[in-house]
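The next block holds one structure in the form of structure tokens; read it before the comments.
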Amino acid sequence: MATKSLWMDTAVAPQAIPLPGDERCDVVVVGSGIAGLSTAYELSERGRSVIVIDRGPIAGGMTARTSAHLAPLCDDLMSEMQKIKGEEQSKLFYESQAAAVDRIEEIQKNEKISCDFRRLDGYLFQGDDMPPDVIDEELDAVRAVGAPVERLVGVPLSGCDSRHALRYPQQATFHPLKYLAGIAEACTKRKVRFFADTPVEEIVEENGAVTAKTARGLIRAGHAVVATNSSIVDRVALHSKTSPYRTYVVSFAIDRGALPDALYWDTEEPYHYVRLQPGDNGSDFVLVGGEDHKSGEADDADARFDRLEQWARSKMPMLRDITHRWSGQVLDTIDYAGFVGKNPGSEHIYVATGDSGQGLTHGVMGAVLNATLVTGGESKWAELYSPDRKPLKAAKNWVLENSTALKNLAEYVAPGEIGSADELEPGHGAIIREGLKKIAAFRDAEGEIHRHSASCTHLGCHLHWNSFESCWDCPCHGSIFGPEGHVLNAPAISALKPVS
Ligand SMILES: Cc1cc2nc3c(=O)[nH]c(=O)nc-3n(C[C@H](O)[C@H](O)[C@H](O)COP(=O)(O)OP(=O)(O)OC[C@H]3O[C@@H](n4cnc5c(N)ncnc54)[C@H](O)[C@@H]3O)c2cc1C
Ligand code: FES
């Protein structure tokens, strides 16, 4: 994608080369975001030989686009989770996510990783023109799972003196890529091997083992853990229970000390959030995010950033210039918990997917859970995150989210967005109709036109142009393609088909 986040100046395992040929190991981990690298760390600590392989650079996926709140509580509100999962499962969810934050704290301390990790207060506060009921409902739900919480009035943002709020002590944040660079170093010392720029095309399971197939060679292993954010080993089952949402972040410069270091988010839908990140020379960064929408269903990033900026400056008049603007994608699940564990129908393939905007803690929790399962252990979290669960109470969300695919297929009979590729300005893309075909057309800076089928190579949904990130988004299950047709985000494996 075209933009660069605040974190991306930090390289993770820059020594990683493409796969040179066939390899063997105990466990092959596919995907090198926080889920994949944490899994490699946990498994190598348990004495397993591990290979991590990624389609692109190490840690170049959604983890590099995060906003870095380490939250032990449900991102979509504990009260909402309890309506679907009940009190006992919600309690287990809180305990497992809190354990993930503890694990990050422990690892960065043990491995001496300088990643700006710190514990701090989180404030959930009443949104503009919102009633305070959500705060009370959430207070009851958070108390029910046993998490520390305090009810108060007023948060240290401008005009928010009388807002009803909840204070959560012991939340945390860090620099995600500095943390992963440290994890990768620790893994390298334990002989974990990293291969970059090598897409895995298929994972086959036979004779009690797995083979990850790539164009550059095969990796034979006892087990595979698929940590590609959106799963590449499942065609439909998991994807029908997750939905991709695009989400936006803008960062501002701020004088150090001008805003108390805490995490702030409101009760609006989608919510706004504020986080701080240390900078240099007495100047820090404030990250403000939100304005989420279902992937591919809007192409108006500038308007969304304008609204975010307006909201941010009204709450923090001391903000200085904008330093970065970027977007990314999260995969919401129908019952707010991720899918971690054995891939449905497989014996030796494990998955970690469905981050629900809480992918950092899900990634670390999932690594501990999958490492336990791969090494033959049992976990009290296994049922909660089981990939083959069918949450009946979430049926309404399932129907709602899957209506996207039906709506999307109807687009194949709609007219094109422009009459012909000649109308495209350099750097722009649009959908063209040619007879019965829909073409994803892009004109590059040199004026050359790239024409591909507008049909996603995962399951055939109709793609949408994203002018802010200069990519093709698939609204169905989150695949993203570059303007020239190459895959940027799973579940797609193959590039878009060129059309002459
Ligand atoms: C703007 C934004 C803000 C967020 N804020 C927060 C937050 O505050 N707190 C929080 O907990 N979460 C947050 N999230 C979510 C969280 O950052 C992500 O869910 C998480 O980082 C995903 O990690 P991952 O390891 O699963 O995936 P990724 O980091 O995307 O890693 C997956 C890797 O798999 C690789 N891959 C894909 N297909 C293949 C293939 N075929 N072969 C080989 N490799 C492949 C990719 O190249 C990629 O490197 C945010 C996300 C965004 C976008
Ligand atoms: S991601 Fe599944 S059809 Fe595009």
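The values are calculated or read from the model by the stated rules, or taken from the named source; none is laboratory data. Note that the structure is predicted; figures quoted are calculated from it, not measured. We place every Cβ from the backbone using ideal geometry, glycine too, and count neighbours over all the protein chains shown. Side chains included, ligands, DNA and RNA excluded: accessible areas come from the protein's heavy atoms. Shrake-Rupley method; radii C 1.70, N 1.55, O 1.52, S 1.80 Å.
Quick notes
- Our compactness index for the chain, the C-alpha radius of gyration over the empirical 2.2 N^0.38 Å, is 0.95.
- Per-residue SASA entry for HIS293, accessible area with 1.4 Å probe, Å² rounded to 10: 20
- Of all DSSP beta bridges confined to the chain, the antiparallel ones make up roughly 75%.
- Take the Cβ atoms of ALA414 and ASP116, set R0 to 56 Å, and the FRET efficiency comes out at 0.75.
- Value of Rg/Rh across the stretch 163-228 [Cα atoms, Kirkwood radius]: 1.21
- Accessible-area order (highest first, 1.4 angstrom probe) of the listed residues SER386, SER467: SER467, SER386
- For the stretch 255-367, the relative contact order is 14 percent, taking Cα pairs closer than 8 Å that sit 6 or more residues apart in sequence and dividing their mean separation by the residue count.
- Potential extension, GLN15-THR323 segment - 0.36 nm per residue separation minus Cα distance: 108.0 nm
- With the Kirkwood sum run over all distinct C-alpha pairs, the stretch 212-310 has a hydrodynamic radius of 17.3 Å.
- Estimated from the Cβ-Cβ distance and a Förster radius of 30 angstrom, the FRET efficiency linking SER162 and ARG307 is about 0.80.
- Working ranking of peptides 269-278, 207-216, 23-32 by packing, defined as the average number of other Cβ atoms within 10 Å per residue, highest first, is 23-32, 269-278, 207-216.
- Radius of gyration and Dmax over the Cα atoms of the stretch 337-396, both given in Å: 11.4, 37
- Net charge dipole size for the chain [Lys, Arg +1 and Asp, Glu -1 on Cβ; Debye, nearest 20]: 1260
- Given their separation in residues at 0.36 nm each and the Cα-Cα distance between them, MET130 and GLU448 gain 109.5 nm when the chain is fully extended.
- The charge dipole of the stretch 414-489, taken about the Cα centre with unit charges on the Cβ atoms of Lys, Arg (+1) and Asp, Glu (-1), comes to about 380 debye, rounded to the nearest 20.
- Only DSSP H runs of four or more residues enter the estimate; each adds -39500 (n - 2.57), and after division by the residues of the chain the mean residue ellipticity at 222 nm equals -8000 deg cm²/dmol.
- Farthest toward the positive end of the dipole of the chain, out of MET130, THR3, MET62, is the Cα of MET62, where the dipole comes from beta carbon charges about the Cα centre.
- Highest-first arrangement of 486-497, 69-80, where packing means the average Cβ count within 10 Å: 69-80, 486-497
- Across the stretch 270-280, coupling constants 3J(HN,Hα) worked out from phi with the 6.51/-1.76/1.60 Karplus curve, θ = phi - 60°, read x, 7, 9, 9, 9, 9, 9, 9, x, x, 10 Hz, and Gly and Pro carry x.
- Summarising the label geometry, the points placed 7 Å from Cα in the beta-carbon direction at LYS189 and LYS4 lie 3.0 nm from one another.
- Scanning the chain for cysteines with no neighbouring cysteine C-beta under 4.7 angstrom from their C-beta gives CYS25, CYS74, CYS115, CYS160, CYS187, CYS471.
- Ligands, DNA and RNA aside, THR39 has an accessible area near 0 Å² when probed at 1.4 Å.
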